[in-house]
Amino acid sequence: MQPANLLLLTIVCVLVAYGVGYARSRSLAMPLGGIRHLKSLPFYYGARAALWCGLPALFVLGLWVAFQGKVIQTLVIGSLPQEMIPGNEGEASLLLSKISNVASGALPPSFVEAPIVDASERLQALREQSRFYMSALVVSVAVLAGFLGWVRIRPKVNARVQVESILKWVFFACAALAILTTLGIIFSVAFETVRFFDKIPITEFIFGSQWSPQTAMRADQVASQGAFGMIPLFTGTLLISAIAMFVAVPVGLLSAIYLSEYANKKVRGVVKPLLEMLAGIPTVVYGFFAALTVAPFISDLAASIGIEASSQSALAAGGVMGIMIIPFVSSLSDDVINAVPQTLRDGSLALGATQSETMKKVIFPAALPGIMGGILLAVSRAIGETMIVVMAAGLAANLTANPLETVTTVTVQIVTLLTGDQEFDSAKTLAAFALGAMLFLSTLLLNVVALKIVRKYREQYD
Amino acid sequence: MSTMNPAMTREGEMADENRAQEQVEAPAETIIEEGTTVGRPFSDDPKFKLRNVEVFYGQDRAIKNISLDIGRNEVIAFIGPSGCGKSTFLRCLNRMNDSIDICKVKGSLALDDQNIYDSKRDVVELRARVGMVFQKPNPFPKSIYDNVAYGPRIHGLANRKSELDDIVENSLRKAGLWNEVKDRLDATATGMSGGQQQRLCIARAIAVSPEVILMDEPCSALDPIATARVEELISEMSESYTIVIVTHSMQQAARVSNRTAYFHLGHLVEVNETNKVFTSPEHDLTESYITGRFG
């Protein structure tokens, strides 16, 4: 049986276990005089039987699926004649793919040597055996454990407590999965980054002011040496993020103030969802808006007052990105401003302060830490944004602070480094990981700072 | 029934007011004749002259045709069951109800013969003259000094730092807080005890030298010792200010006020000398309330 079918079968077993568990607890309750004489509700007995049935079976299934490939490979390679056993890992994987291609019929047996044909037959046989044993084991575990769970239903057993504690571990496993994924990403990026620094010195990467990652693909190819200085990319990122925040922070903050302090309920009910709709527009749409509408407009405008502007400018990308980020700032700030107790507003108004004085002198300072947290989150968003910049800001890594010139950002370069056919261990490809690691570090730092500020804010009043 | 201050929530207010009205199980409503108040509602030297005041929350009439004078330099206490409209009425006196969209005030309300609800009336000036202290101490999350200096700064009452220092010191002295805080004026006000915070709020209100101070259950969040301090303070302040105090404690009303007004379901039932209200009330409802038969 295929693992997917087996999974379905297990799920069926689990449902059956739930059903019979539920039924058994009810029938046990009957002679006692109703379900209130059970320690727990029938639902919990059913759920306990289901968990007994499902969890061990799924565990066995998972383990089997995880390890069967490796075990079968080792067995197949071990059975090859002495002279064909591969010396290193690369050869081994080549040989194995040949064997499995023969086994699946993609490669006619007449094209390869006899031992490989033998090996492919053995592979086929082992796979079938494995599938059979796996099915037998999983089904028997499910049935046995389910039966055990069913038998052990007694009116005195408190199934509720057991189900609750099992569920607690299930939830924990889900949370752990998210954390493990993050760790996995960090390790894979860190690993490739270290490999990159073997090829390019870390000092050159961090302090270099030239970025041109085009290196020779083959040894005999005539090409530039390649320069991997991240400074132009990070200045580009900073420039575009700064422009974006320059647009997003004032507009977002002031609209939040309007919404929370001045707008009446009706206006708020209309404007707030509309503003939040900005966050729902796909970034690629913002991208072509920036590239086709805003960028030409800016370059025309600059030309009309006699300034030279590139048709792809940091200003266009940053400005449109700023508009995209407005709802982040406004929505978070609105929440924070609304969280300031009404008694503080009343206190200030009762002293004869106007609404804007109250805003400026009482509410804004009280909400400031929270607003700062929101802004920092928005900054991380701006730094990580790719699509708008790809489309509107260009690819040229200029080291410049002029917003009318073409710049590029870290994320855009990662995209261009990794798209297309690449050798996976070239400095060019690995550079993407190094950039990713740097980006990750900087946004992580920002997020930590933002969280710290938000936490501090919680202790402000009350 | 909780004594929810209408100022606490912006939107929950109306619902709260309604719920409160339903819960008051009073003798038949027919006893109250609208717009009539027994006792002595008017004064020879009125600071506030309030005639036929009605307050609506949307369709609901929270205050029903109330006429009352508040005399110069008198302390008047508003008592009555929760949801009877005391706080709503109090908040009309410095237009704090303005911030509630659905709240409409009708009738004539005059401070020193000037209409409070005139459309040309400057609310800032009104509130500078009519200060307010709230149920829950609400110091700003700033230093003690900045809390007291807040009002004077807004109204430009001090030209120099030294003048501001004097105002802060005087206000804190009047509020009986100076000796406790003079060494830590830069400390955050939110770190003080509840009683100190409330006296700070009183100092903050005094700092803009108002003529009237409205107090909305100023002691309901305080312990008995802090309450005693605040009551002492009210007695001292009564020499120079007109004070309107909403309270749920009849002992407090008896201790601090000259006159007492009894509110019931949006009606002003009786106004009399405090002594008279508590010893020989004229209206049956007042008597039921002060003897604890409902409320």
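The values are calculated or read from the model by the stated rules, or taken from the named source; none is laboratory data. What you are looking at is a predicted structure, and each value in this text was computed from that prediction instead of being measured. For neighbour counting, all protein chains shown are included, and Cβ atoms are generated from backbone atoms with ideal geometry for every residue, glycine included.
Of everything in the range A:242-285 that is surrounded by 14 or more Cβ atoms within 10 Å (Cβ to Cβ), modelled with pLDDT under 90 and under 30 Å from the mean Cα position of the chain (by Cα), the residue that is farthest from B:I100 (Cα to Cα) is A:T283. Count of the range A:313-344 residues, restricted to those that are in a loop (DSSP other than H, G, I, E, B), surrounded by fewer than 24 Cβ atoms within 10 Å (Cβ to Cβ) and not hydrophobic (A, V, I, L, M, F, W, C), is 1.
Quick grid of which residues meet (1) in contact (Cβ under 8 Å) with a residue 40 or more places away in the chain; (2) closer than 26 Å to B:A149 by Cβ; (3) more than 9 Å from every other protein chain (Cβ to nearest Cβ); (4) of a type in the set (S, T, N, Q):
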| position | (1), (2), (3), (4) |
| --- | --- |
| A:M324 | yes, no, yes, no |
| A:S330 | yes, no, yes, yes |
| A:D335 | no, no, yes, no |
| A:A339 | no, yes, yes, no |
| A:T343 | no, yes, no, yes |
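Quick check, is A:N447 among the polar types (S, T, N, Q), part of a loop (DSSP other than H, G, I, E, B) and touching a residue at least 60 places away in the same chain (Cβ under 8 Å)? For A:N447, the condition - among the polar types (S, T, N, Q), part of a loop (DSSP other than H, G, I, E, B) and touching a residue at least 60 places away in the same chain (Cβ under 8 Å) - is not met. Checked against (1) assigned to a loop (DSSP other than H, G, I, E, B); (2) out of contact with any helix residue (DSSP H, G or I) (no Cβ under 8 Å at 6 or more places or on another chain); (3) closer than 21 Å to B:G71 by Cα, B:K276 passes all but a single condition, namely (1). Mind checking which residues of the range B:94-130 are within 18 Å of the chain's Cα centre (by Cα) and basic (K, R)? Residues satisfying the conditions are B:R95, B:R127, B:R129. Taken as a whole, the structure places A:N398 among residues that are assigned by TED's automatic domain parsing to the domain that holds A:V294 and in a loop (DSSP other than H, G, I, E, B). Count of the range B:193-229 residues, restricted to those that are in a helix (DSSP H, G or I), among the aliphatic types (A, V, I, L, M) and in contact with a strand residue (DSSP E or B) (Cβ under 9 Å, 6 or more places away or on another chain), is 3.
Reported count of residues in the range B:82-106, each being in a loop (DSSP other than H, G, I, E, B) and either surrounded by fewer than 24 Cβ atoms within 10 Å (Cβ to Cβ) or within 13 Å of chain A (Cβ to nearest Cβ) (or both), is 7.
Of all residues in the range B:107-125, how many are facing another protein chain (nearest Cβ under 9 Å) and either more than 19 Å from B:V55 (Cα to Cα) or assigned to a loop (DSSP other than H, G, I, E, B) (or both)? Even if it seems obvious, please write down each step before you answer.
Of all residues in the range B:107-125, those facing another protein chain (nearest Cβ under 9 Å) come to B:123-125.
If we keep only those that are either more than 19 Å from B:V55 (Cα to Cα) or assigned to a loop (DSSP other than H, G, I, E, B) (or both) too, we end up with B:124-125.
Summing the residues that are facing another protein chain (nearest Cβ under 9 Å) and either more than 19 Å from B:V55 (Cα to Cα) or assigned to a loop (DSSP other than H, G, I, E, B) (or both) in the range B:107-125 gives 2.
Which members of the range A:52-80 meet the condition of being among the polar types (S, T, N, Q) and more than 21 Å from A:L9 (Cβ to Cβ)? Listed by number, the residues that qualify are A:Q73, A:T74, A:S79.
Taken together, the residues in the range A:360-375 that are more than 13 Å from chain B (Cβ to nearest Cβ) and surrounded by 20 or more Cβ atoms within 10 Å (Cβ to Cβ) amount to 4.
In the range A:269-288 there is no residue that is under 28 Å from B:M96 (Cα atoms), within 14 Å of chain B (Cβ to nearest Cβ), in a helix (DSSP H, G or I) and among the aliphatic types (A, V, I, L, M).
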